[in-house]
Amino acid sequence: MDINTLYSVKITGYNDIFKESVRIYLDAVDFLIPVCIDHWNDIISVDGVCQRKMYIEHRVHKTKNYPHPLYPFDKKFYKFPSYLLRGAIAEALGKVSSYMSSLTNWKAMDPSTRGRRPGIPKAGHIYPCLYRDNTFIRTDTYEAKIKVFIRNTWDWIIVKLRKSDVDYIIHHCSDRKECAPVLQKRGKQWYLDFCFKEKVTLKDTDIFNHTIVAVDLGINNACTCTVMRSDGTVLGRYFYKVPKEYDCLKRKIDHIKRAQHHGSRCVKNLWRYANGVNHDISVKIASFIEGKAREFDADAVVFEHLDTSGRKHGLKKQKLALWRKNEVQRMVADKVHRLGIHISHICAWGTSRLAYDGSGAVLRGNKSQKTNGSYSVCEFTNGRVYNCDLNASYNIGSRYFVREILKSLPATERQHIQAKVPGCAKRSTCTLSTLINLNSALYA
């Protein structure tokens, strides 16, 4: 599989000189969008992305073979760099393709229920890609030449790149393929965003020889990891907590509450501090999970599919809003894919509610007298008290193995196994006991 990573390098010494170049690029995209719409039926009949770009280029740009273009692009955009033109054409084709798809779906809807007609797209907030040798030349390790619109023409300027950013890229990305950078503005500063490509081969191990790290991400506890084998053997149980970071985050949120209580409406800086602490928590959790996957040479890391979109209710709605579970999963995926480790997700329903030993639903909080109102532990129907997150991680890993084992079996054998172990037919109720019974039926 291909892995793409993006690193930003800050440009030092210049600030407002790039605004005019970006403005002209946006105007060029806005000019090309109606051209693509007018010739869309001819464009879709052309095979290949490059051929479609050339089709538009021949109608707006004067060349030796096409001396009379249909549109006065060259007069309006004098000496516009050819590679920037091709980048603008690619942006216009992408926006028009999306617009045409939306328009087709709109026309297919019932006239009595459909909404407003999709509007003609605009360039919006996009930035130019600086292709090598035409608009970007690397002159030194910490210097580069960029073609910009300056003094009423397109000319080269030398820009200095921040040393710390370049050194970081040299240290971490020396073995990756560097793509053309994109000029990008963040706040009041300008950056060059470099994309790096690399190819990795994911592990192709038989499911019966798999070792996985089942991860239960929590709101109070950072994460609980269980290292499992396909027969239900648990190789390790690990808890990770970040109490200092959670206390720091709580203090930042309290500062925001006090500021808003006293009438302050602009608390951007306070939220910036809180988001920084929250991001640090995500980084530490992802590093911990990646470390365990590396330690046990795991074949897959298994998460729950967590969807908390929509309006939050209850006492913990702020914690749910600040919970960055998707960011953690995305970070872990970026880290472990480079090790050849797969990422998988399972249904999250009932992983904490069902006991891993198959005894049914557990009692939590005020429903149990043994837990003293705590939701970190639960009581099984047989009276056993167990950690809720650890119980959930067992069920997460078990559901992954039940799914993958059944997928690897022929249809007739799968039906035979499901007849012997009815619990594996519905994976949203599978537990560790289901996996053990499934293996027993297989080896019988």
Compactness of the chain as Cα Rg over 2.2 N^0.38 Å, two decimals: 1.27
On a straight-distance basis, which lysines could pair with Lys64 in a cross-link, Cα separation under 18 angstrom, same-chain partners fewer than 8 positions away excluded? Lys53, Lys75, Lys79
Of Lys19/Lys145; Lys241/Lys367; Lys241/Lys370, those spanning more than 21 Å from alpha-carbon to alpha-carbon: Lys241/Lys367; Lys241/Lys370
What whole-number distance in Å separates the alpha-carbon centres of segment 133-171 and segment 33-72? 31
For Ser374, list long-range residues whose amide hydrogen, built 1.01 Å from N in the peptide plane, is under 5 Å from its own amide hydrogen. Gly365
What is the dipole size for the chain, taken about its Cα centre, with +1 at each Lys and Arg Cβ and -1 at each Asp and Glu Cβ, in debye to the nearest 20? 1720
Could you check the spin-label model distance between Trp271 and Thr5? Points 7 Å from the Cα along Cα→Cβ, value in nm. 3.0
GNM top mover of Thr141, Thr226, Thr113 - the chain, alpha-carbon springs below 10 Å: Thr113
Rounded accessible area per residue of segment 372-431, 1.4 Å, Å²: 45
Given backbone amide H placed at 1.01 Å from N, residues whose amide H is under 5 Å from that of Ile346, ignoring those fewer than 5 places away on the same chain, are Phe303, Glu304, His305
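Helices from the chain with mean Kyte-Doolittle at least 0.5 and a Cα length along the axis of 15 Å or more, per DSSP H: which? It would help to have the intermediate numbers written out before the result.
Working: long enough: 19-38 (30 Å, 0.74); 49-60 (17 Å, -0.59); 82-108 (39 Å, 0.17); 243-261 (27 Å, -1.62); 268-295 (40 Å, -0.56); 325-337 (18 Å, -1.02); 388-408 (30 Å, -0.21); 432-443 (17 Å, 0.91).
The qualifying helices are 19-38, 432-443.
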Return one whole number: the accessible area per residue of segment 16-165 in Å², for a 1.4 Å probe. 59
Among Val159, Val328, Val227, which one shows the biggest mean-square fluctuation in a GNM of the chain, springs joining Cα atoms closer than 10 Å? Val159
How are the C-alpha pair distances of segment 202-245 spread across 10 Å bins, as whole percents from the shortest bin up? 25, 40, 25, 9, 0
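Taking all protein chains as present, what is the carbon and sulfur share of the accessible area of segment 122-178, in % to the nearest whole number, probe 1.4 Å?
Details: 1710 of 3490 Å².
Exposed carbon and sulfur together represent 49 percent of the surface.
Within segment 228-360, what whole-number % of the accessible surface is contributed by carbon and sulfur, with the 1.4 Å probe and all protein chains included in the calculation?
Answer for segment 228-360: carbon and sulfur cover 52 percent of the accessible area.
With every protein chain kept in place and ligands, DNA and RNA left out, what is the accessible area per residue of segment 225-271? Probe 1.4 Å, answer in Å². It would help to have the intermediate numbers written out before the result.
Numbers: 3190 Å² over 47 residues.
On a per-residue basis, segment 225-271 sits at 68 Å².
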For the pair Glu178 and Ala425, how long in nm is the line joining their label points, each one 7 Å along Cα→Cβ? 6.0
Please give, to one decimal in nm, the separation of the simple spin-label points placed at Arg338 and Thr233, each 7 Å out from Cα toward the Cβ. 3.1
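The values are calculated or read from the model by the stated rules, or taken from the named source; none is laboratory data. No experiment lies behind these values; they were computed from the predicted model shown. Please note: Cβ atoms are built from the backbone with ideal geometry, for glycine as well, and neighbour counts cover all protein chains shown. Remember, those area values only see protein heavy atoms, side chains included, never the ligands or the DNA or RNA. Shrake-Rupley method; radii C 1.70, N 1.55, O 1.52, S 1.80 Å.
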